[in-house]
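Below: the structure, in structure tokens.
Here, each number is a calculation from the coordinates, and none is a lab measurement. Bear in mind the structure is a predicted one, so any value in this text is a computation, not a measurement. So basically every Cβ, Gly included, is an ideal-geometry build from the backbone, and we count neighbours across all protein chains shown.
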């Protein structure tokens, strides 16, 4: 187990407290990135268990689209070509009061160097029909919504 996973249960509440004290609302972005074979990109963090759609937080003064482009480049070395397509917006209130997540589809991209700085343990493409068993529920649902046409939930 990485040291980040060992300390994350203790540091995450502090991060949430800091975020709550310094922000009224929080905003995140996730990308459903597909390759030429129709497989979807998932990441495994060094500090959390399970597989997630790549993405992250929107910084002050940054657009959601710019945040997604930045996060994909930083985390997984994906340089978005053209504009990503906004698919849905979700409330993550059950996980963190005031949090919302925007989901984008990314079909056109090129591979570039990543500078994840130890945040990402692995990044791999998976067939939507053969996702890893420990993919998060919300990631699995977003993939179904984007790639299989399921109705989008308003909840994360």
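Under a plain spin-label model, where a point goes 7 Å from the Cα along Cα-to-Cβ, how far apart in nm are residue 37 and residue 25?
4.0
So what is the relative contact order of the stretch 3-147, in percent, for Cα pairs below 8 Å that sit 6 or more residues apart?
For the stretch 3-147, the relative contact order is 30 percent.
Provide 112, 135 in ascending order of the number of other Cβ atoms located within 10 Å of each residue's Cβ, fewest first.
112, 135
Kindly list the residues of the stretch 135-150 that lie in the label zone of residue 12, defined by a backbone N under 17 Å from the point 7 Å along the Cα-to-C-beta vector.
Answer for this model: 135-140.
Nearest 500 deg cm²/dmol is fine: what mean residue ellipticity at 222 nm does the chain get from its DSSP H runs of n ≥ 4 alone, each adding -39,500 (n - 2.57), divided by its residue count?
That comes out to -9000 deg cm²/dmol.
Which of rounded, prolate or oblate describes the chain when judged by the alpha-carbon gyration tensor and an a/c cut-off of 1.5?
Cα axes put the chain in the rounded bin.
Give me the one-decimal nm value for the distance between modelled label points at residue 124 and residue 94, 7 Å along each residue's Cα-to-Cβ direction.
So the two model labels end up 2.7 nm from each other.
Taking 7 Å along the Cα-to-C-beta vector as the label spot, tell me the residue 117-residue 87 distance in nanometres, rounded to one decimal.
The answer from the label model is 2.9 nm.
What is the fewest-to-most order of 124, 75, 145 by other Cβ atoms lying within 10 Å of their Cβ? Working shown, then result.
Values: 124 13, 75 23, 145 18.
Fewest to most other Cβ atoms nearby, the residues stand as 124, 145, 75.
Determine, for each peptide in 79-85, 128-134, the mean count of other beta carbons within 10 angstrom over its residues, then list the peptides with the highest first.
Averaged packing, sorted descending, gives the order 79-85, 128-134.
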